[in-house]
């Protein structure tokens, strides 16, 4: 008999094999036993046959399996192309869209937008910086922001009331947990100060910097007339003839540098630039400038890193009187490529893949010599419309001025009100938030607590080294 395996005669061959097994075993058993063994063998053969039939049915034909593999591979390849081709395209063409106010053809030379003459401003305060001024604060504000300017004048900008004596009222309950002014700095800046001890007062001048409206005719405009009245009443407005917009903030800040450097270089010691939604704790700033420190509060602990929270250590004092440039420092920031973002940066305006380290425009502080150096650097530095990147990044880099991080210059605002008592700047205060913050800070009966004695250092920021 032909014993070759033939799938077509599978059932017959299995039965024959079962019969052979049955007859072989029957030679050694009785008649009844032969019948039982034969029946048992037949049942086993049927079970094996069923398994073999199922195995032959389950696998797909070879061609069908190959076709499935090819189809799946095609889908995977198409998916990868759909994902990675746009990324490759964007990598080549990213940040290619233009800006409405700064097209590829628009000049980006500062001299083309600001008259470098001393008296080029449309409005300039009378006798600006004629007297000794320890600190000049320039607040960048919008043309129509009358309410914001008035709010500042009535809150933290009232430097007659909110001056150094308020520092002891704010923090006197923590005496010994901060450093007082240095005696040699009090002597160095004696011409800018009056009184002594808890009655010490520093001369501080606040001015508001603005441009003009886009469609305004410089004569007969209602907003312009209101600004003239405001200027006559408060003598604190500097206005120059350029369109006031977010994309022109660099022009506004350079204009401030120009006026401060030309008018105040021989009469002022320090300069602070901030926005009109920034809260400035002037007493804290004055104590820092005089070589003191601000006490550590539970609500300001999160601002610090492991090298700044030791506020009673001598190395935390400010000792320099020149080359001073402080604020909240950013480093390794990548230009935004999302066109819809207010910080979008086209590659034709700034091509490198990262900005130089810079200080937040919410508020940055500099000595008066740095004002002159930054202004001169701007005359030879191609304009970038993000003013903090331009002024404290590109211009400072060109002028070889080191930027320093200070943890209490905040570029946002805290929900914890004691943070306003214990910081130098808080930013992004909208609507009535400025008044609410001021009412809390000026309530000297509220004594904010320091961190617990065994506070966790996990809360301290692990800032990257720039």
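Compared with the direct C-alpha span, the chain from residue 416 to residue 247 gains 57.6 nm at full extension, assuming 0.36 nm per residue. Take every pair of alpha-carbon atoms less than 8 Å apart whose residues are at least six positions apart; their mean separation over the length of the range 234-329 yields a relative contact order of 18 percent. Computed from the Cβ-Cβ distance with R0 of 35 Å, the FRET efficiency linking residue 334 to residue 78 stands at 0.70. Straightening the chain between residue 191 and residue 103 buys 26.8 nm, computed as 0.36 nm per residue apart minus the Cα-Cα spacing. Can you bin the range 110-459 into rounded, prolate or oblate? Criterion: square roots of the alpha carbon gyration tensor eigenvalues sorted a ≥ b ≥ c, rounded for a/c under 1.5, prolate for a/b above b/c, oblate for the rest. It is prolate, given that a/c is not under 1.5 and a/b is the larger ratio. One Cα centroid belongs to the range 206-271, the other to the range 159-203; the line between them spans 31 Å. Peptide packing: for 160-171, 430-441, the average count of neighbouring Cβ atoms within 10 Å per residue gives the ranking 160-171, 430-441, highest mean first. Cα centroids of the range 369-411 and the range 287-339: 17 Å apart. With R₀ fixed at 25 Å, the C-beta to C-beta distance from residue 379 to residue 433 puts the FRET efficiency at about 0.10. Between residue 94 and residue 402, the distance separating the two model label sites (each 7 Å from Cα on the Cα→Cβ line) works out to 3.3 nm. For residue 223 and residue 453, the FRET efficiency from 1/(1 + (r/R0)^6), where r spans their Cβ atoms and R0 equals 56 Å, is about 0.50. Under the rule a/c < 1.5 gives rounded, and otherwise a/b versus b/c splits prolate from oblate, where does the range 129-174 land using the Cα gyration tensor? It comes out oblate by the Cα gyration axes.
Gain on full extension, evaluated as 0.36 nm per residue between residue 160 and residue 347 minus their Cα-Cα distance, stands at 62.6 nm.
Bear in mind that the values in this text are calculations on the coordinates, not laboratory data. Since we're looking at a predicted model, the values are computed, not measured. Cβ sites come from the backbone with ideal geometry, for glycine too, and all protein chains shown count toward neighbours.
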